[in-house]
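See structure below.
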Amino acid sequence: MQIDKLRGKTLDQLFDAILTLEDREECYRFFDDLATINEIQSLAQRLEVARMLREGYTYHKIEKETGASTATISRVKRCLNYGNDTYEMALDRVHTKSE
């Protein structure tokens, strides 16, 4: 994993803090303080790109609907194909929770 290079006390603290958030409103407030609007939008965009790729949308359609670059779409696709399967895990959990 690429993130292993960053593994340590400060990253553990960040992830532990995220895991303490109890609802969507707390997430909104926490991420508003933690990150810039552009950083938050980029993360949300990548998850949406993953959802759309998983559902078989074309690069052109994804680019048009999300504004993501083809480089971002390619990176997300690479993660879907060769990554840690966490996009799949998260999207499945969100889908299950919304039913």
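Numbers for the structure displayed
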| quantity | calculated |
| --- | --- |
| Filter result for Thr86 (of a type in the set (Ser, Thr, Tyr), under 12 Å from the mean Cα position of the chain (by Cα) and open to solvent by 70 Å² or more (accessible area, probe 1.4 Å)) | yes |
| Looking only at the stretch 70-83, and only at residues there that are of a type in the set (Gly, Ala, Ser) and in a helix (DSSP H, G or I), the one that is surrounded by the fewest Cβ atoms within 10 Å (Cβ to Cβ) | Ala71 |
| Conditions (1) under 24 Å from Ile73 (Cβ atoms); (2) surrounded by 11 or more Cβ atoms within 10 Å (Cβ to Cβ); number of the one not met by Asn38 | (2) |
| Of residues in the stretch 3-24 being open to solvent by 100 Å² or more (accessible area, probe 1.4 Å) and either touching a Phe, Trp or Tyr at 6+ places or on another chain (Cβ under 8 Å) or in a helix (DSSP H, G or I) (or both), the one farthest from Lys61 (Cα to Cα) | Lys9 |
| Some residue of the stretch 82-90 being farther than 20 Å from Met1 by Cα, among the aliphatic types (A, V, I, L, M) and without any contact (Cβ under 8 Å) to a residue 24 or more places away in the chain | no |
| Residues (open to solvent by 70 Å² or more (accessible area, probe 1.4 Å) and either touching a residue at least 12 places away in the same chain (Cβ under 8 Å) or part of a helix (DSSP H, G or I) (or both)) located in the stretch 52-69 | Arg54, Tyr59, His60, Lys61, Glu63, Lys64, Glu65 |
| Enumeration of residues in the stretch 25-51 that are assigned to a helix (DSSP H, G or I), without any contact (Cβ under 8 Å) to a residue 12 or more places away in the chain and hydrophobic (A, V, I, L, M, F, W, C) | Cys27, Phe31, Leu34, Ile37, Ile40, Leu43, Ala44 |
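The values are calculated or read from the model by the stated rules, or taken from the named source; none is laboratory data. Since we're looking at a predicted model, the values are computed, not measured. Quick reminder, even Gly has a Cβ in these numbers, built from the backbone with ideal geometry, and neighbours come from all protein chains shown. Heavy atoms of the whole protein, side chains included, go into the accessibility calculation; ligands, DNA and RNA do not. Shrake-Rupley method; radii C 1.70, N 1.55, O 1.52, S 1.80 Å.
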